[in-house]
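The values are calculated or read from the model by the stated rules, or taken from the named source; none is laboratory data. Just so you know, these numbers come straight off a predicted model, no measurement behind them. FYI the Cβ positions are ideal-geometry reconstructions off the backbone, even for glycines, and counts take in every protein chain you see. Accessible surface areas use protein heavy atoms only, side chains included; no ligands, DNA or RNA. Shrake-Rupley method; radii C 1.70, N 1.55, O 1.52, S 1.80 Å.
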Amino acid sequence: MNIQDHIRTIPDFPKPGINFYDIATLLANPSAWRETIARLHRLTEDYQPDLLMGIESRGFLVAAPLAYEMGCGFGMVRKHGKLPGQTLAHSYALEYGEDIIEIQPDLIPAGSKVVLVDDLLATGGTMQAAEILLHKAGAHVVANLCIIELEGLNGRDKLTAPLESVIRCPA
């Protein structure tokens, strides 16, 4: 099955010159979604993670069912102010400004083997920030995982752990 056939491309969104790869059409197709999770599982199983950490928000949609399938834990990397209780934060630069992501460190045992998960990797800035944040928490990021990797933006070059992706698309 060609997974890319089940992902809608919306040109010039959110601004001119940008192609938006919409996984809503993938999620709506049960057989394509099951095949995607199966492929992600195969890409991830050799890393033997203790925990999958989904990056807000579409990373949650990918990481949660994959963690269930793999029999490991699931956690969330969220935007600032979205998590209750004690949090650990990391600030990082964006193209115009900065952002802050947070985790709940008490849910991540020190030394845990973690795979970071998002639906798409573009420039790699958010995934790189999530790697740094998880290292601060004492976790060991063993891999990064996405459905779609945008070619030509060199996002994987910013990451310290290997990147696994199901498909590669033009930016």
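At a glance:
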quantity: Global geometry of segment 27-78, whether rounded, prolate or oblate, following the gyration tensor of its Cα atoms and the 1.5 cut on a/c; calculated: oblate
quantity: For segment 45-171: accessible area per residue (Å², 1.4 Å); calculated: 47 Å²
quantity: Reach of K113 by Cα under 17 Å, taken over lysines that are not fewer than 8 positions away in the same chain; calculated: K136
quantity: Exposure rank, largest accessible area first [K158, K136; 1.4 Å]; calculated: K136, K158
quantity: Accessible-area composition of the chain, carbon plus sulfur, in percent [1.4 Å probe]; calculated: 51 percent
quantity: Helical mean residue ellipticity (222 nm; -39500 (n - 2.57) per DSSP H run of 4+; nearest 500) of the chain; calculated: -8000 deg cm²/dmol
quantity: Distance (nanometres) between label positions extended 7 Å along Cα→Cβ at A38 and A24; calculated: 2.7 nm
quantity: Within segment 1-94, trypsin sites (Lys or Arg not before Pro) in DSSP loop having at most 15 other beta-carbon neighbours inside 10 Å; calculated: K82
quantity: Which labelled figure in (i) 0.95; (ii) 1.00; (iii) 1.05 is Rg/Rh (Cα atoms, Kirkwood Rh), once derived from the coordinates; calculated: (i)
quantity: Prolate/oblate/rounded label for segment 89-152 (Cα gyration tensor, a/c 1.5); calculated: oblate
quantity: Kyte-Doolittle at least -1.0, axis length at least 18 Å by Cα - qualifying DSSP helices, the chain; calculated: 30-44, 58-70
quantity: Accessible-area order (highest first, 1.4 angstrom probe) of the listed residues D99, D119, D106; calculated: D106, D99, D119
quantity: Sequence of L120, L66 from largest to smallest accessible area, 1.4 Å probe; calculated: L120, L66
quantity: Length gained when the stretch L94-K82 is fully extended (0.36 nm per residue, less Cα-Cα span); calculated: 2.4 nm
